Amino acid sequence: MKRSILLIAIVFALLGTACTQKPKETKKSEKEVVKLTDDERMAWWRDARFGMFIHWGPYAVPGGERNGKVCGGGAEWIMDKLDYTIEDYEKEVVDVFEPVNFDADEWVGIAKDAGMKYIVLTSKHHDGFAMWNSKISDYNIVKRTDFGRDVVKELAEACRKEDIVFCFYHSITDWHHPQAQSIFYPHYNVGQKDQTKSNPEFPKYFENYLKPQVRELLTNYGDIGVVWFDGEWIADYTTEMGKEMYEMIMELQPNTIVNNRVDKGRNGMAGMNVEGNFAGDFGTPEKEVPATGIDSDWEACFTMNGSWGYKPSDKKWKSDEKLIHSLIDIVSKGGNFLLNVGPDGLGVIPTESIEILASMGDWMDANSESIYGCKASPVNRPEWGRYTSKDKVVYAHVFDWPEDGKLMIDEKLKVKKANLVDGGKKLKVDGSIVVLPKNAPDNIASVIKLELAQ
Ligand code: GLC
């Protein structure tokens with residue numbers, strides 16, 4: 001179905017229709033879409049809290065290794081880190097990318113079973129390779145590989161069937177496009193460190209390549225939940241370009257959400273914006289969680305081992321316990337958790353990731369009401385775990401189950417009723433003490449629902 005025309009009006013008539021499950025584009029007719037208020041537009045995303053990041057492209061084939069050398073950091077950077085020329089990269093990496101085992105339904109099923117509500121797929125990473133059937137350039141998965149399938153299309157469709165919101169990550173930095181990178185060649189990464197150099201041709205790439213490709217993605221693949229930019233750090237990309245890009249997206253799909261890396265306001269890895277007038281709807285702390293709750297929209301992205309792209313040599317997988325605690329910690333501070341998988345060169349999500357996600361899914365099956373639609377804790381963080389909140393309910397997530405069976409809760413919480421979320425067992429409350437059963441129902445995090453008197 002065609003996406004289209006921004007209609008700035010009639011918003012008041014729509015107040016109260018905020019969608020809480022998925023992005024809503026209130027259609028006046030087949031072609032007209034009414035722009036929601038910012039709160040309405042953000043509603044599904046604030047409720048969702050948990051999403052899947054997918055870093056996938058030709059770089060999954062070498063998996064971070066070339067001629068016996070392993071690249072440091074994320075394996076999606078291999079082109080830069082292990083000194084491929086563009087020709088080498090095309091020949092050794094892109095032209096052997098044949099992910100015959102890719103199955104969009106399977107990936108979406110894994111995300112859904114984990115309790116994730118949205119998926120952010122790398123449509124193009126810094127290597128410049130497009131994972132959809134682009135008319136702007138043949139450097140894409142359909143035209144360039146024997147595999148020849150449009151991964152963006154398949155995944156967008158699979159998401160829609162399962163009520164998962166489809167979103168894409170898109171790199172502004174492009175090591176393959178001559179107008180975007182030639183000045184740094186062959187050290188693509190110089191642009192990240194040296195802000196004094198820029199490619200005078202970059203505005204042409206922005207106008208004739210980057211924007212048209214983003215336009216394609218927002219025109220041909222249905223409703224897009226989030227456009228998640230990255231690689232905005234290069235000196236070539238300006239705040240004016242960022243604002244222009246944001247405007248363009250709002251014209252194409254007025255209710256799409258855009259991360260803050262569309263502009264130049266990001267405060268490094270901490271991810272939130274520095275002071276100033278910058279475009280973007282949410283902050284993007286990377287592998288970091290703010291120390292306390294923040295009263296604005298943000299999403300922390302994390303890897304499961306140390307790499308975004310597939311990297312079999314990296315065996316440092318985080319435990320399910322750590323990641324479940326991260327999810328709770330993030331929601332207790334009012335953020336979203338975007339957890340990454342890096343499928344391999346054949347299109348298969350690593351077994352380790354599948355196992356971790358299955359375990360997170362088990363926990364979510366029993367406890368997700370303490371995550372979806374929840375906000376930051378209204379009181380300070382307790383020693384034994386975290387609080388999340390929703391209307392007149394506070395959820396106590398107990399990481400360390402008290403041996404004496406007495407859970408001390410914050411004295412500001414006036415509780416009228418308490419029960420275990422998993423199984424519903426009613427619990428006695430004595431002032432600021434909740435009396436617990438001897439054994440924790442869940443040894444990673446047991447959740448207690450505290451209904452407040454006011
Ligand atoms: C970093 C990495 C990049 C990755 C991104 C995800 O910027 O360099 O490869 O895509 O994190 O946030």
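Every number in this text was worked out from the coordinates using simple rules, so none of it is lab data. Because the structure is predicted, anything quoted here is derived from the model rather than measured. Glycine also receives a Cβ, built like all others from the backbone with ideal geometry; neighbour counts cover every protein chain displayed.
Summing charges over neighbours of W384, with a neighbour being any other residue whose Cβ is under 14 Å away from its Cβ, gives -4 when K and R count +1 and D and E count -1. The mean sequence separation of alpha-carbon pairs under 8 Å and at least six residues apart, normalised by the residue count of the range 136-258, gives a relative contact order of 29 percent.
With a Förster radius of 45 Å applied to the C-beta separation of V393 and K161, the computed FRET efficiency comes to 0.90.
How big is the gap, in Å, between the Cα center of the range 52-66 and the Cα center of the range 384-409? That distance is 40 Å.
For a label point 7 Å from the Cα of D138 along Cα→C-beta, name the residues of the range 78-114 whose backbone N is under 19 Å from it. Hits in the range 78-114 for D138 at 19 Å: 86-98. Computed over the range 38-370, the P(r) curve from all C-alpha pair distances, binned at 20 Å from the origin, holds 33, 62, 5 percent per bin.
Extension gain for E321-M408 works out to 29.0 nm (0.36 nm per residue, less the C-alpha to C-alpha distance).
Could you work out the local net charge near K91, counting Lys and Arg as +1, Asp and Glu as -1, over the other residues with Cβ closer than 13 Å to its Cβ? Overall, the nearby charge balance is -3. With just the Cα atoms defining each centre, how far is the range 95-167 from the range 223-285? Give it in Å. Here the two parts' Cα centres lie 22 Å apart. I need to check one value: relative contact order of the range 38-370, counting alpha carbon pairs closer than 8 Å and at least 6 residues apart, in percent. Across the range 38-370, relative contact order equals 23 percent. As an exercise, identify the trypsin sites (Lys or Arg not before Pro) in the range 87-146 lying in DSSP coil whose Cβ has no more than 16 other Cβ atoms within 10 Å. Here the trypsin sites (Lys or Arg not before Pro) that fit, given the DSSP loop and packing criteria, are K135.
Spin-label model, S313 to R215: label points 7 Å out along the Cα-to-beta-carbon direction sit 4.2 nm apart. Net length available on complete extension from K69 to K197 is 43.2 nm, with 0.36 nm assigned per residue and the Cα-Cα distance removed. Taking 0.36 nm per residue of sequence separation and removing the Cα-Cα distance, the D38/V96 pair yields an extension gain of 16.5 nm. For the range 385-452, the relative contact order comes to 42 percent (Cα pairs under 8 Å, sequence separation of at least 6). Rounded to the nearest whole Hz, the Karplus-based 3J(HN,Hα) values (6.51 cos²θ - 1.76 cosθ + 1.60, θ = phi - 60°) of the range 49-58 follow the sequence 6, 9, x, 10, 8, 10, 9, 8, x, x, with x at glycine and proline.
Each residue, E288 and D88, gets one label point 7 Å from its Cα in the Cβ direction; the gap between the two is 3.3 nm. Using the rule -39500 (n - 2.57) for each DSSP H run of four or more residues, divided by the residues of the chain, the 222 nm mean residue ellipticity is -6500 deg cm²/dmol. If R0 is taken as 60 Å, the Cβ-Cβ distance between N443 and M250 corresponds to a FRET efficiency of 0.80. The loop-placed GluC sites (Glu not before Pro) in the range 203-287, going by DSSP, that have at most 12 neighbouring Cβ atoms within 10 Å of their Cβ come out as E275.
Other residues with beta-carbon under 11 Å from the beta-carbon of T173 carry, at +1 per Lys or Arg and -1 per Asp or Glu, a net charge of -4.
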